[in-house]
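K.L.:
The structure that follows is given in the form of structure tokens.
Rule-based calculations on the coordinates, nothing more; no lab input. What you see is a predicted model, and the numbers here were worked out from it, not measured in a lab. Here Cβ is always computed from backbone atoms with ideal geometry, including for glycine, and neighbour counts include all displayed protein chains.
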Amino acid sequence: MSEINTPYDYDTAIIGGGLAGLALSIQLARAGHRVVVLEKEKYPFHRVCGEYISFESWNFLEELGVPLSDWDLPVIKQVQVSAPNGKYLEQTLPLGGFGISRYTLDHFMQQLASREGVTVMDETKVEDALFDAGRDFFLVSYHSHAINNSLTAKMVVGCFGKRSNLDMKWRRDFVQQKPNKLNNYIGIKYHIKVDLPENLISLHNFDQGYCGVSKVDHGRYCLCYLTTADNLKNNGNSIEKMEAQVIRRNPHLEKIFSEAEFLFRQPVTIAQISFSRKTLVEDHILMAGDASGMITPLCGNGMSMALHESKIAFELIEKFLSGTIDRKEMELRYQIEWQKYFDRRLKTGRFIQSMFGKKWLSNIFIQSLKPFPKLIRYLIRQTHGEPF
């Protein structure tokens, strides 16, 4: 347990209150550390996310205190992938997963963190986090409810989303790259009611993008698609026009869009998504969740990665805060562990995504894979991990 009489306000400040940030905060608080989570949005809220979690995370979440077994969540065992021309393949998922909305899960975990003693500050935008080498702690400046303020922390972890003002301020490598096939995507999400198999996650490709559909809690389905910024621009920056002219040309998506009841007045959107490699440590700040690197949504496993990252980060931060290892060793070991568990998954995800950029390539790739179920299962396994 950390000493109360310290020259800093918190043992750990976590920037971003998504799955990685909240899970990490709960673990640290239970270990007796003073933790603050700074989240720019107001809980509860929707996020652009495919909302499928592989079963590798089930035990971890339940041990954390999330009562998944009591929530009657849909169990997803099959995956269907279609090409823009409508041809498709279907395969059993080796491990499988479950569906749950981020609105439900993040809100519960935020409340759980607060009960564990975490200081959760939502509607709070972090402006900067500067490491003071002389005093060996950070100064975190933030803006909350029209007031500028600051706090100090021994440790800072970046768990912010797919792109942040801090990425720009810190001039992280990936934000300085010219727009390319990995770093200039937009994401669109709806919740819908539709008649589809409950145990199926479907991934439907269209020109310059793909759309995932799977069941979540409360009888809803998540429909989330990713496409290039150019695709939207070429359709007059109109989501409605792009859906009509491009996305619905896939016959599976045409059927879903025409039959579904859309539950949001407006979709949840995010721009400038990047799947490029990202640094794992920035000026002594550990990165976790989407801030450390994103697996393509086509592989459907980003939430499990974020949760696993939180466990790895917790174990090393706990050793650092208790004086077992120093800051340098903590940072080095975090990068080694991260590469061990996630580097292959991201590389495989980038390869799979490269096969789905153009209509003709997607059509050929699906047709070529269909006779080889063992190869399909191999690719799926490469994007998933073991229970942790």
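K.L.:
Non-local amide H neighbours of Val37 (under 5 Å, H modeled in plane, Pro and chain starts lacking H): which ones?
P.N.:
Sorted by chain and number, the residues that satisfy this are Ile14, Thr119, Val120, Met121.
K.L.:
Stretched out fully, how many nm does the piece from Thr324 to Asp128 gain, at 0.36 nm a residue minus the Cα gap? Mind dumping the intermediate values first?
P.N.:
Numbers: separation 196, 0.36 × 196 = 70.56 nm, distance 2.83 nm.
Contour length minus Cα-Cα distance gives 67.7 nm.
K.L.:
Continuing with this model, one more query. Hey, what number do you get for the chain at 222 nm if only DSSP H runs of n ≥ 4 count, each worth -39500 (n - 2.57), divided across all residues, to the nearest 500? Present the calculation step by step, with values, prior to reporting the outcome.
P.N.:
Numbers: 11 runs with 128 residues, N = 388.
Taken over the chain, the calculation gives -10000 deg cm²/dmol.
K.L.:
With the crude spin-label approximation of a point 7 Å out along Cα→Cβ, what separation in nm comes out for Gln78 versus Glu386?
P.N.:
Output for this residue pair reads 3.0 nm.
K.L.:
Can you work out the FRET efficiency for the pair Ile147 and Ser354, with r the C-beta to C-beta distance and R0 = 56 Å, to the nearest 0.05? Write down the numbers at each step before the final one.
P.N.:
Numbers: r = 46 Å, r/R0 = 0.82.
Given R0 = 56 Å and the Cβ-Cβ separation, E is 0.75.
K.L.:
Please give me the summed charge of the neighbours of Asp207: other residues whose Cβ is under 9 Å from its Cβ, Lys and Arg +1, Asp and Glu -1. Working shown, then result.
P.N.:
Working: positive: Arg249, Lys358, Lys359; negative: none.
Around Asp207, the surrounding residues sum to +3.
K.L.:
Assigning unit charges at the beta carbon (Lys, Arg +1; Asp, Glu -1) and nothing else, what dipole magnitude in debye, to the nearest 20, does segment 301-358 show about its Cα centre?
P.N.:
400 debye
K.L.:
Please report the relative contact order for segment 10-382, taking Cα pairs under 8 Å with a sequence separation of at least 6, and give it as a percent rounded to a whole number.
P.N.:
Numbers: 754 pairs, mean separation 83.9, N = 373.
This gives 22 percent for segment 10-382.
K.L.:
Magnitude of the Cβ-charge dipole of segment 67-203, K/R +1 and D/E -1, about the Cα centre, nearest 20 debye? Display every interim value, and only then the final one.
P.N.:
Numbers: 16 positive and 15 negative charges, 126 e Å.
With only Lys, Arg, Asp and Glu charged at Cβ, the dipole is about 600 debye.
K.L.:
Order of 121-131, 261-271, 184-194 by packing, highest average Cβ count within 10 Å first? All intermediate terms of the calculation are to be shown ahead of the outcome.
P.N.:
Numbers: 121-131: 17.4, 261-271: 12.8, 184-194: 19.9.
Taking the mean over residues of other Cβ atoms within 10 Å, the ranking is 184-194, 121-131, 261-271.
K.L.:
Helix 327-354: angle to the longest alpha-carbon principal axis of the chain, degrees 0 to 90, nearest 10?
P.N.:
The angle comes out at about 10 degrees.
K.L.:
Right, another one. Between Arg115 and Glu315, what is the spin-label point distance in nm, taking each point 7 Å from the Cα along the Cα→C-beta axis?
P.N.:
Placing both labels 7 Å beyond Cα along the Cβ direction yields 2.7 nm.
K.L.:
Still on this structure, I have one more. Provide the per-residue ³J(HN,Hα) series for segment 234-249, in order, calculated from phi with Karplus coefficients 6.51, -1.76, 1.60 and θ = phi - 60°, each as a whole number of Hz, with x at glycine and proline positions.
P.N.:
5, 10, x, 6, 10, 4, 4, 5, 4, 4, 6, 8, 10, 5, 6, 6
K.L.:
Using +1 at the Cβ of each Lys and Arg and -1 at the Cβ of each Asp and Glu in segment 10-382, identify which of Gly21, Phe372, Ser304 lies farthest towards the dipole's positive end.
P.N.:
So the residue furthest toward the plus end is Phe372.
K.L.:
Order by neighbour count: Thr279, Thr383, fewest other Cβ atoms within 10 Å first, most last. Walk me through the numbers before you get to the answer.
P.N.:
Numbers: Thr279 15, Thr383 22.
Least crowded to most crowded, the residues run Thr279, Thr383.
K.L.:
If you don't mind, there's one more thing I want to ask. Assign unit charges at the C-beta atoms only (+1 for Lys and Arg, -1 for Asp and Glu), then state the dipole size of segment 10-382 relative to its Cα centre in Debye, rounded to the nearest 20. Walk me through the numbers before you get to the answer.
P.N.:
Values: 47 positive and 41 negative charges, 287 e Å.
Dipole about the Cα centre, nearest 20: 1380 debye.
K.L.:
Sorted by average packing, counted as other Cβ atoms within 10 angstrom per residue and highest first, what order do 139-150, 360-371, 310-321 take? Mind dumping the intermediate values first?
P.N.:
Numbers: 139-150: 13.2, 360-371: 15.5, 310-321: 21.1.
So the order, starting with the most tightly packed, is 310-321, 360-371, 139-150.
K.L.:
Shifting gears a bit: Which angle from 0 to 90°, rounded to the nearest 10, does the C-alpha axis of helix 359-369 make with the longest principal axis of the chain?
P.N.:
Between the helix axis and the principal axis of the chain, the angle is about 90 degrees.
K.L.:
Place +1 on the Cβ of every Lys and Arg and -1 on the Cβ of every Asp and Glu in segment 10-382, take the dipole about the Cα centre, and give the residue among Asn250, Met155, Tyr210 whose Cα lies farthest towards its positive end.
P.N.:
Asn250
K.L.:
On to the next question. Relative to the first principal axis of the alpha-carbon coordinates of the chain, what is the inclination of helix 19-30, with its axis defined by its Cα atoms, in degrees from 0 to 90 and to the nearest 10?
P.N.:
Helix 19-30 and the main axis of the chain meet at about 30 degrees.
K.L.:
How charged is the neighbourhood of Tyr10? Take every other residue with its Cβ under 9 Å from the Cβ of Tyr10, and add Lys/Arg as +1 and Asp/Glu as -1.
P.N.:
Numbers: positive: Arg34, Lys154; negative: Asp9, Asp11.
Counting the neighbours of Tyr10, the net charge comes to 0.
K.L.:
Something else about it: On a C-alpha basis, how far is the centre of segment 56-71 from the centre of segment 228-282 in Å? Whole number, if you could?
P.N.:
Answer, in whole Å: 31.
K.L.:
Something else now. Grab the other residues whose beta carbon is less than 15 angstrom from that of Pro251, score K and R as +1, D and E as -1, and report the net. Spell out each step's value before the answer.
P.N.:
Working: positive: Lys87, Arg248, Arg249, Lys255, Lys359; negative: Asp207, Glu243, Glu254, Glu259.
Computed value for this residue: +1.
K.L.:
Still on this structure, I have one more. Would you please put 98-107, 244-253 in order of how densely packed they are, using the mean number of other Cβ atoms within 10 angstrom per residue and starting with the highest? Intermediate values should be presented prior to the final figure.
P.N.:
Working: 98-107: 21.7, 244-253: 19.7.
Final packing ranking: 98-107, 244-253.
K.L.:
Give the long-range amide H neighbours of Ile76: residues separated by 5 or more places, or on another chain, with amide H under 5 Å away, using H modelled in the peptide plane at 1.01 Å from N.
P.N.:
Residues meeting the amide H criterion: Gly97, Phe98, Gly99.
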